[in-house]
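Below is a structure I'd like to ask you about.
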Amino acid sequence: MACELKFIAAINMEAAAGPDGQAARPRRFHMDAYTGGAMMVAGWRFPVVVDLNGLSTRVGAKVYLDHDRAARVGHIDGIQIEQGGLRVSGVISSTTQAAREVVADADNGYPWQASIGAFVRGDVEFVREGNMVTVNGREFAGPVNVVRQAVLQEVSFVGNGADDATSASIAAGIAGEKKNMDGKDGKDEKVEVVQGASEAGAQDQVVTAADVRAKAAAEEERIAAVRKVCGSGHADIAARAIKEGWDTTKAELEVLRADRPKAPAAHVVDQTVTGTILEAACVLSAGLAGAEKRYDEKTLDAASKRFRGGIGLQELLLEAAWANGYTGRSFRDLRSTLRFAFGKDVQAGFSTVDIGGILSNVANKFLLEGFFSVERTWRSICAVRNVGDFKTATSYRLIGKDQYELVAPGGELKHGTLGEESYTNKADTYGLLLSIDRRDMINDDLGAITLVPRKLGRGSGLKINDVFWTAFMDNSSFFAAGNNNYLTGTDTVLTIDGLTKAETAFLDQVDGDGKPVGVMPAIILVPTALSAMGTQLFKSVEIRDTTASTKYPVANPHQGKFRSEVSRYLANSQYTGYSAKAWYLLADPADLAVIEVALLNGQESPTIETAEADFNVLGIQMRGYHDFGVAKQDPRGGIKSKGES
């Protein structure tokens, strides 16, 4: 992976006057370029931290104005990297207009800021949410990107950086007269002033009060000449020229420009395209609901104006490639476009748009839409365990002497015992790789980056259902008469009486001491054929029997007791133990779970990643993967009713 990062930093510039009778030395600057902290970089979804131990630098790197390589300013001749940050110094060695503008504005107190360009080499380490990483002697919490290898490319003076809190400290260029210790003026005494620095280091320079007066007289002459050139008709130009230190030549040019016929006013719109704007354009073009909740109004407005007819897949890839320095103007050279779009041929000096991150962010939104479109009854009846790796995790239940004992005089507490009941679970990885091929890109089919992740999301949702219900329904040894949690017979049909029988069996469950478990049932789990009856038993105050022999309403003693959950998997013949008549009475999984799902790092939804395809495949690959595991737990957490004899 390769891309460029921009950081904003403070600048300190020194005046550099030469000794008497010699030309002034070039001006120097100092920048606190990077403090080692986390930064928000355009095109990156999560903060970025650059590892200073892996930052390569070179003396002689160029200095520009606003990252414009034609606007040369100078070069770097000093670099210092410590755990606390990166500091660079250099010389304003160019004689371009840009260099003169930087110096002149700094002398007038303009608060220049700095932007540092760094070229990323190698893969970026992504730290997931919930994990910590130590970089530059500091700890950072995920999600965060850690750039382990980067090369300092260039430094630019900028007028308005992304961080408004940064500031510039500019050293004075002209010294006033020195005050004596008693407060009186020192007449013609030597005044020691730090005026600048040579490349070998800062040198103290000495001027006299006579020098200061001569300089003041020259300034008066300049002001008079500027006013004469500007006349009475250009008082505004004269005021600006005096304030900014123009000579008469520059003032005369400004007067000539002002006297030219005026062209019609033009409204200039910022056409800079960022990764966030491209993301928003994709979401708007695909018609994903809730775009106004995902992006701010400014981003949505920019995306709508820049891509009025919607953005296509070709345009998306070209915009990313252009941002990374691609000079082609069409999609004809598909392989070169993809290489630049994915940052494999990034040129120094170009701001980078991370197309991989953009595609992953857009795809993730449609991935979740597909994932949550699948039945999720499993989530309502299981406990969830957060695991940090793929090893088997074991949990134990305290049995035996787990009741509190009377504390005898003296305050000694008796020990409980950790019995033999244990339950295990482990997470495994399930995944799938799909591709957006050359035909999709030539057809300019943006739907490819929405349809593929939807399929990956739906596939993940189906897989977790398949694994979950396979484990839950293969339960002949789990729900069994020997465990006192399996009921059969005609009186186990889901009715008021059948539910009463199941409730009684649940409440009669005992622990290892033969005493009540003390957990209450909370959920009726039913197949689709029993959905209506499950809802009636939960919501109805009475259930009427209108057969010929019984025409009176029957009060429902279970109204509001047990919420009803329905799964289409329970009666599906592809699963061992299927039945359209069997149903379950379960405890709340937070109290006593009959089944548990283990999630790696607690991440319930799948992950999607996007990259350029391998050399033998011309296209883009998307891979989705999900880390989870399923295992049955405590049989005393539920009752299964066969629903028939």
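The values are calculated or read from the model by the stated rules, or taken from the named source; none is laboratory data. None of the values given here were measured: they were computed from a predicted structure. Positions of Cβ are backbone-derived with ideal geometry, glycine not excepted, and every protein chain shown enters the neighbour counts.
Given the structure, is Thr424 modelled with pLDDT of 70 or more, over 23 Å from Ala280 (Cα atoms), out of contact with any Asp or Glu (no Cβ under 9 Å at 6 or more places or on another chain) and surrounded by fewer than 18 Cβ atoms within 10 Å (Cβ to Cβ)?
Answer is yes for this residue.
Something else: Here are some conditions: (1) more than 12 Å from Glu154 (Cα to Cα); (2) modelled with pLDDT of 80 or more. Leu86 meets all but one. Which one does it not meet?
Evaluating Leu86 over (1) more than 12 Å from Glu154 (Cα to Cα); (2) modelled with pLDDT of 80 or more leaves (2) as the failure.
How many of the residues in segment 359-375 are outside any helix (DSSP H, G or I) and either touching a strand residue (DSSP E or B) at 6+ places or on another chain (Cβ under 6 Å) or surrounded by 14 or more Cβ atoms within 10 Å (Cβ to Cβ) (or both)?
2
Say whether the condition of being in a loop (DSSP other than H, G, I, E, B) and in contact (Cβ under 8 Å) with a residue 60 or more places away in the chain is met by at least one residue in segment 520-530.
yes
Going through Thr394, Thr429 one at a time, which residue ends up being at pLDDT 90 or above, assigned to a strand (DSSP E or B), loosely packed, with under 13 Cβ neighbours inside 10 Å and not aromatic (Phe, Trp, Tyr)?
Unique residue meeting the criteria: Thr429.
Now, a different point. Can you tell which of Ser567, Ser573, Ser540, Ser579 is without any contact (Cβ under 8 Å) to a residue 24 or more places away in the chain and within 46 Å of the chain's Cα centre (by Cα)?
Exactly one of Ser567, Ser573, Ser540, Ser579 is without any contact (Cβ under 8 Å) to a residue 24 or more places away in the chain and within 46 Å of the chain's Cα centre (by Cα), namely Ser573.
When the residues of segment 88-123 are filtered to those that are over 36 Å from the mean Cα position of the chain (by Cα) and assigned to a loop (DSSP other than H, G, I, E, B), which remaining residue is surrounded by the most Cβ atoms within 10 Å (Cβ to Cβ)?
The extreme case among them is Ile92.
Additional query: Give the residues of segment 322-338 that are touching a residue at least 24 places away in the same chain (Cβ under 8 Å) and within 25 Å of the chain's Cα centre (by Cα), sorted by residue number.
Scanning segment 322-338 gives Ala323, Asn324, Gly325, Leu338.
What residue, of Arg100, Arg72, is among the basic types (Lys, Arg) and either touching a Cys at 6+ places or on another chain (Cβ under 9 Å) or without any contact (Cβ under 8 Å) to a residue 12 or more places away in the chain (or both)?
After applying the criteria, what remains is Arg100.
Anything in segment 44-87 that is more than 30 Å from Ile355 (Cβ to Cβ), aliphatic (A, V, I, L, M) and part of a strand (DSSP E or B)? List them, or say none.
The answer is Val73, Ile76, Ile79, Ile81.
Here is a further query. Of the residues that sit in segment 444-480 and are assigned to a loop (DSSP other than H, G, I, E, B) and under 31 Å from the mean Cα position of the chain (by Cα), which one is modelled with the lowest pLDDT?
Asp444
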